[in-house]
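Notes for the one structure printed next.
The values are calculated or read from the model by the stated rules, or taken from the named source; none is laboratory data. Note that the coordinates shown come from a computational prediction; the quantities given were computed from them, not determined experimentally. Using ideal geometry, Cβ is built from the backbone for each residue, glycine included, and neighbour counts are taken over all protein chains shown.
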Amino acid sequence: MTFLCNSSALIEGASLGFKQNGVGVFVVRRAGQVYAYKNRCPHRGVPLEWQPNRFLDSSESLIQCATHAALFLIESGECVAGPCAGQFLTAIGCREDNLGIWLTPEESEDDV
């Protein structure tokens, strides 16, 4: 497992970005659950955030690509609006325990 951060660093309705093995990843907390994805839009392959750690739209209910405003469901990574509608962000296994948020071992270094 790879430690990302303390649980308190990721508040409800917030997102945080990281580099793991040279690849951008980000986590989002929604309804108490943590979701992790590669920081790459399926449409253009560009990073999603418009500022560091800013991956969500203004309502904090969807992930938004800063390049072309595509919107993705936090829970599944599915694009629901924009040029990549129907495509998905690449999910990364993660878990949270009393020490913090971790990428899980099912993700190999080649995947993350």
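Which of the residues that make up the stretch 50-81 are within 14 Å of TYR37 (Cβ to Cβ) and of a type in the set (D, E, K, R)? Those that are within 14 Å of TYR37 (Cβ to Cβ) and of a type in the set (D, E, K, R): GLU75, GLU78.
Show the residue pairs meeting these rules: Cβ distance below 8 Å; 6+ apart or different chains; first residue within the stretch 60-75 and exposed (fewer than 15 other Cβ atoms within 10 Å of the Cβ); second residue of a type in the set (Val, Ile, Thr) and modelled with pLDDT of 95 or more. Between residues of the stretch 60-75 that are exposed (fewer than 15 other Cβ atoms within 10 Å of the Cβ) and residues that are of a type in the set (Val, Ile, Thr) and modelled with pLDDT of 95 or more, the close pairs are SER61/ILE74.
For the stretch 83-99, which positions are under 12 Å from the mean Cα position of the chain (by Cα) and either loosely packed, with under 14 Cβ neighbours inside 10 Å or under 9 Å from ALA36 (Cβ atoms) (or both)?
Our first condition is that a residue be under 12 Å from the mean Cα position of the chain (by Cα); within the stretch 83-99, this holds for 88-94.
If the condition is that a residue be under 12 Å from the mean Cα position of the chain (by Cα) and either loosely packed, with under 14 Cβ neighbours inside 10 Å or under 9 Å from ALA36 (Cβ atoms) (or both), then ALA91, ILE92, GLY93, CYS94 are the ones that fit.
Which of the following residues is over 24 Å from TRP102 (Cβ atoms) and either under 13 Å from the mean Cα position of the chain (by Cα) or of a type in the set (Lys, Arg) (or both): GLN51, GLN64? Every option except GLN64 fails the conditions.
Going through (1) within 17 Å of LEU103 (Cα to Cα); (2) touching a residue at least 24 places away in the same chain (Cβ under 8 Å) one by one, LYS19 falls short only on (2). If you go through the stretch 5-20 and keep only what is part of a strand (DSSP E or B) and modelled with pLDDT of 95 or more, you end up with CYS5, SER15, LEU16, GLY17, PHE18.
In the stretch 49-68, is there at least one residue being more than 17 Å from LEU4 (Cβ to Cβ), small (Gly, Ala, Ser), modelled with pLDDT of 95 or more and touching a strand residue (DSSP E or B) at 6+ places or on another chain (Cβ under 9 Å)? Yes; the residues of the stretch 49-68 include at least one that is more than 17 Å from LEU4 (Cβ to Cβ), small (Gly, Ala, Ser), modelled with pLDDT of 95 or more and touching a strand residue (DSSP E or B) at 6+ places or on another chain (Cβ under 9 Å). Inspection of the stretch 80-100 finds no residue satisfying the criterion of being touching an Asp or Glu at 6+ places or on another chain (Cβ under 8 Å) and of a type in the set (Ser, Thr, Tyr).
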